[in-house]
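Here the structure is laid out as structure tokens; the discussion comes afterwards.
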Amino acid sequence: MSNDIQKSDGSPQSKSLENPLIEFDSVTLHYESTAVNVTEKLSFTIESSKNRGRFVVFLGPSGCGKSTLLRAIAGLLMPSNGEVRVLGETVFAPSGKRGLVFQDYSCFDWLTVLENVLFPLKLKTKGDLTEARELAYKYIDMVGLRDIASYYPKQLSGGMRQRVAIARTLINEPDLLLMDEPFGALDAFTREDMQGHLLSIWAKSNNNIVFVTHDIGEAVLLADEIFVMSAAPMQVYARHKVEIDYTARTKELKYTMEFTQLVKTIEDEIRAATSKK
């Protein structure tokens, strides 16, 4: 059986799995409102996987520019020097191939769950929406909201609204899902539930995910690779492969020695990275 990851129409999900997932090639970025450099000649590579989607997490000191990295990958911020490449293609502008989920829930209050998820395809599709609705229900099922597809956002919890936002992003079938602290506004119990939902979505969709968080435990629970970034101008301070079977990533994992040891190591690295100039 082929290992190629395919979209719902049977076409390859990515242009070429031989290309690295993401490449930063001597990239300099600065905040749009100032001349302060977030990165200076930053270079690193995130490899693709032929077996399943990647789940990469960026951690680092507060304010180091993790979200700025996502904006550059998404094409919302252009480097002043160097290149950002995704699956071999230089990023020049935003693209439907790179979906972005923010911390806020970004639902349209006047649309139902189904209408919110369907919205991106409704903009593209003229005429009959039968196939688009079928695809919308596929992703509504994936995020576990089929029974409330007719509800409006005001009838949903914060975690449910965030699942709507994820389904609406996935319906474009992007090569890469970018998530900027998507659970940061949720209470601890809802956040834990959402981590489980995201792992389930990742397993079902096989998407490549790049995730920004300040929560080290969340990073270790979710990631197959963690990048610890230094204070600005940001560099890669450390990288960790998380060799844990994704089917074993439940909340009970947090009580294992393997988990707590990696959390402690990364805590020490972030303290060191905070003072690194």
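The values are calculated or read from the model by the stated rules, or taken from the named source; none is laboratory data. Given the structure is predicted, the values throughout are model-derived calculations rather than measurements. Using ideal geometry, Cβ is built from the backbone for each residue, glycine included, and neighbour counts are taken over all protein chains shown.
Inside the stretch 235-258, can you point out the residues that are of a type in the set (A, V, I, L, M) and modelled with pLDDT under 80? Walk me through it before giving the result.
In the first step, residues of the stretch 235-258 are kept if they are of a type in the set (A, V, I, L, M); the result is 236, 238, 242, 244, 248, 253, 257.
Those that are of a type in the set (A, V, I, L, M) and modelled with pLDDT under 80: Ile244, Ala248.
Quick one: is Lys41 more than 17 Å from Pro20 (Cα to Cα), of a type in the set (D, E, K, R) and in contact (Cβ under 8 Å) with a residue 60 or more places away in the chain?
Values: more than 17 Å from Pro20 (Cα to Cα): yes; of a type in the set (D, E, K, R): yes; in contact (Cβ under 8 Å) with a residue 60 or more places away in the chain: no.
No, not satisfied.
Considering only the stretch 220-247, how many residues are over 19 Å from the mean Cα position of the chain (by Cα), in a strand (DSSP E or B) and over 18 Å from Glu181 (Cβ atoms)?
2
Pairs please, first residue from the stretch 166-186 and among the basic types (Lys, Arg), second anywhere and not in a loop (DSSP other than H, G, I, E, B), Cβ atoms under 7 Å, 6+ apart in sequence or on different chains.
Arg168/Asn116; Arg168/Val117; Arg168/Phe119; Arg168/Pro120
When both residues are 6+ apart or on different chains and their Cβ atoms are under 9 Å apart, which pairs have a first residue that lies in the stretch 215-229 and is closer than 14 Å to Glu269 by Cα, and a second that is among the small types (Gly, Ala, Ser) and in a helix (DSSP H, G or I)?
Short answer, once both residue conditions are applied: Ile226/Ala219; Val228/Ala273; Met229/Ala273.
Between a first residue in the stretch 102-120 that is buried (at least 18 other Cβ atoms within 10 Å of the Cβ) and a second residue that is among the polar types (S, T, N, Q) and not in a loop (DSSP other than H, G, I, E, B), which pairs have beta carbons less than 8 Å apart while being 6 or more apart in sequence or on different chains?
Once the first residue is buried (at least 18 other Cβ atoms within 10 Å of the Cβ) and sits in the stretch 102-120, its partners that are among the polar types (S, T, N, Q) and not in a loop (DSSP other than H, G, I, E, B) give Tyr105/Gln162; Cys107/Asn116.
Does Leu77 fit the bill of being assigned to a loop (DSSP other than H, G, I, E, B), touching a residue at least 12 places away in the same chain (Cβ under 8 Å), touching a helix residue (DSSP H, G or I) at 6+ places or on another chain (Cβ under 6 Å) and over 25 Å from Leu186 (Cα atoms)? If you could, list the steps in order and put the result at the bottom.
Details: assigned to a loop (DSSP other than H, G, I, E, B): yes; touching a residue at least 12 places away in the same chain (Cβ under 8 Å): yes; touching a helix residue (DSSP H, G or I) at 6+ places or on another chain (Cβ under 6 Å): yes; over 25 Å from Leu186 (Cα atoms): yes.
So Leu77 fits the description; yes.
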